[in-house]
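Chemist: Shown below is the structure under consideration.
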Amino acid sequence: MNDGRVLEDGERVISPDRWVDCYGDYLYQYALARVRERAVAEDLVQDTFLAALKSRDRFRGQSSERTWLVGILRHKLFDYLRRKAREVLQEMDLHQDEGSRRMHSSGFSKGCWIKEEVPNDWVSPADSLCEKEFWMVLDECCSKMPRAFARVFLLREMDGMESRDICETLKISQSNLWVMLHRARLALQRCLQSNWFTARAREKKSHS
Amino acid sequence: MKRRLSEIKKLVSPTCEDVVRSLSRHQEEPLPIVRQFFMRVHLVLCGFCRRYKVHLRFIRRAMGEYGGRLHELLRHRLSEQVRMRIKRRIEEEQRRLE
């Protein structure tokens, strides 16, 4: 086992033997948060390390080693997302009525919220941001969302990537992106409502 | 002609479904002024869509924070089995590259 090497500016980098222990979990969480599939995230981490081995000599320490690995992981991630986006667009009918499960699809109330599906009054939502359980629920809701929508939604909202950049990177049209973001938002709104806000309101009521 | 009429109807009197879709799109880029105007008229009249609008704003804020604090908020770890597998692959690849 070698102990890593020292770069020109004196900064030490870790030996590849220890990469998994030092950076594995960080990269895994990074990937998992964006692809929402364990096996895929694991493969992305492995591919990142293997690609990093090949380009290791070129790493000069302009950034930390972890940042450098995250950069490689992002490349791998975008390759994967681009492949998936194309598959999804082929399989899915994007023009199907997306809100139909929450809105009336015919009759006098066509296009109106179904009674059981209306947005409730979320009580002091900002307070939720301070509660650890809220983040677990949000994380679960993101995992439960249809994955195809979740993947673009997470790039948009979690990474704050601009719509135009997402379209260019994933090679999808703007209108397709809008439909996917819209459906993801509808799904997340419903999930947070039933699993967090309604549940919490009920809990408070039973305490008082 | 019929299609044109239904487009105009959709514009001047959007349903909740139209408005919910518009709200999402409006987060990406500003809607055309006319469409925005009729959406706002709907929002004045419809409490549910008004709530949805507030919820979308909250979701954006929460997601931004979630992204920034991901590694502090959650602890997803590689399983021991996968850890070993990746380590083995790295060793093999190192030997191959030497």
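Chemist: Just one of the numbered conditions (1) more than 7 Å from chain A (Cβ to nearest Cβ); (2) under 24 Å from A:Glu133 (Cα atoms) is not true of B:Arg96; which one?
Modeler: (2)
Chemist: Hey, another quick one. Scan the helices (runs of 4 or more DSSP H) fully inside chain B and keep the ones with 3 or more residues being surrounded by 13 or more Cβ atoms within 10 Å (Cβ to Cβ) and modelled with pLDDT of 95 or more.
Modeler: Filter on chain B gives B:16-26, B:33-45, B:47-68, B:80-97.
Chemist: For segment A:33-43, check the following and say yes or no: at least one residue is away from every other protein chain (no Cβ under 11 Å), within 24 Å of A:Phe153 (Cβ to Cβ), in contact (Cβ under 8 Å) with a residue 24 or more places away in the chain and aliphatic (A, V, I, L, M).
Modeler: yes
Chemist: Can you find, within segment A:31-67, the residue that is surrounded by the most Cβ atoms within 10 Å (Cβ to Cβ) among those that are in contact with a strand residue (DSSP E or B) (Cβ under 9 Å, 6 or more places away or on another chain) and of a type outside the set (Gly, Ala, Ser)?
Modeler: Going through the qualifying residues, I end up with A:Glu65.
Chemist: Among B:Leu74, B:Leu56, B:Leu31, B:Leu43, which is the only one that is closer than 21 Å to A:Leu188 by Cβ and more than 9 Å from chain A (Cβ to nearest Cβ)? Talk me through it step by step, then tell me what you get.
Modeler: On the way: B:Leu74 fails: more than 9 Å from chain A (Cβ to nearest Cβ); B:Leu56 fails: more than 9 Å from chain A (Cβ to nearest Cβ); B:Leu31 fails: closer than 21 Å to A:Leu188 by Cβ.
The unique qualifying residue is B:Leu43.
The values are calculated or read from the model by the stated rules, or taken from the named source; none is laboratory data. The shown structure was predicted, so the numbers you read here are calculated from the model rather than taken from an experiment. All Cβ positions, glycine included, derive from the backbone under ideal geometry; neighbour counts span all protein chains shown.
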